[in-house]
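Have a look at the structure below, then the notes.
The values are calculated or read from the model by the stated rules, or taken from the named source; none is laboratory data. Here the structure is a predicted model, which is why all the values come from computation and not from measurement. Ideal geometry is used to build each Cβ from the backbone, glycine not excepted, and the neighbour counts take in all protein chains shown. Just so you know, the surface numbers come from the protein's heavy atoms only, side chains and all, with ligands and any DNA or RNA stripped out. Shrake-Rupley method; radii C 1.70, N 1.55, O 1.52, S 1.80 Å.
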Amino acid sequence: MIWRLLARIIAGLHLAYSAFVVLGSLLVFVWPRLMWVHLFAVFWASATLIFDLGCPLTPWEKQLWSKGGAASYEEGFVQHYILRPFSDPLHERRNHIIAGVLIVVGNAIVYLSIYYRARG
């Protein structure tokens, strides 16, 4: 029971981090000091996706599911929880690269708008 609860907590933290990476630049409008934390999170997430570095939370979550007697998933966190409804698992590597590039481009657009707004 406790192992499954811990696995859910890790998955929730992982999902919150993913949401911060995608939407955190919008928080920078309100809290500009958050920019460097967010930029590091974007760098780490996009590098992890593009270069297939893996995230330390994923094996930890899978191990907790196994200890709790539940079947673990084979693919990575992003593919399992986020991309699965939208993509073909046979193209997991390509999907991760596209997601990593979209994260960088989407956040760059928001940061450029923040920059131009601050200038003018």
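When Trp31, Trp36 are compared by accessible area of protein heavy atoms, the largest-first order is Trp36, Trp31, using a 1.4 Å probe. Can you work out the base-10 log of I(q)/I(0) for the chain at q = 0.11, 0.16 1/Å, using the Debye formula on its C-alpha atoms alone? The computed values of log10 I(q)/I(0) come out as -0.43, -0.81.
The heavy atoms of Ile2 present about 100 square angstrom of accessible area, all protein chains included, probe 1.4 Å.
Tell me the GluC sites (Glu not before Pro) within the range 17-120 that lie in a loop according to DSSP and have at most 12 other beta-carbon atoms within 10 Å. In loop regions of the range 17-120 (DSSP not H, G, I, E or B), the sparsely surrounded GluC sites (Glu not before Pro) are Glu74. Accessible area ranking (1.4 Å probe, heavy atoms, ligands and nucleic acids excluded), largest first, for Ser113, Ser18: Ser113, Ser18. A 1.4 Å probe run over the chain, with the rest of the protein chains in place, finds 67 Å² accessible per residue. For the chain, what is the mean residue ellipticity at 222 nm derived from helices alone (per DSSP H run of n ≥ 4: -39500 (n - 2.57); sum divided by total residues; nearest 500 deg cm²/dmol)? After summing the helix terms and dividing by the residues of the chain, the value is -24500 deg cm²/dmol. Length, then width, then depth: along the principal axes, the Cα atoms of the range 72-116 run 45, 18, 14 Å.
What whole-number value in cubic angstrom gives the convex hull volume per residue for the C-alpha atoms of the range 34-95?
That works out to 106 Å³ per residue.
Placing unit charges on each Cβ (+1 for Lys and Arg, -1 for Asp and Glu) gives the chain a dipole about its Cα centre, and among Phe77, Val101, Ala19 the Cα reaching farthest toward its positive end belongs to Ala19. Can you tell me which of Ile103, Ile50, Ile82 moves the most in a GNM of the chain? Springs connect C-alpha atoms under 10 Å apart. Among Ile103, Ile50, Ile82, the largest GNM mean-square fluctuation belongs to Ile82. Percentage of Cα-Cα pair distances in the range 1-41 greater than 16 Å, rounded to whole percent? Summing the P(r) tail past 16 Å for the range 1-41 gives 45 percent.
In the chain, Cα pairs under 8 Å separated by at least six residues give a relative contact order of 36 percent. Atom-type composition of the exposed protein surface of the chain places 72 percent of the accessible area on carbon and sulfur (1.4 angstrom probe).
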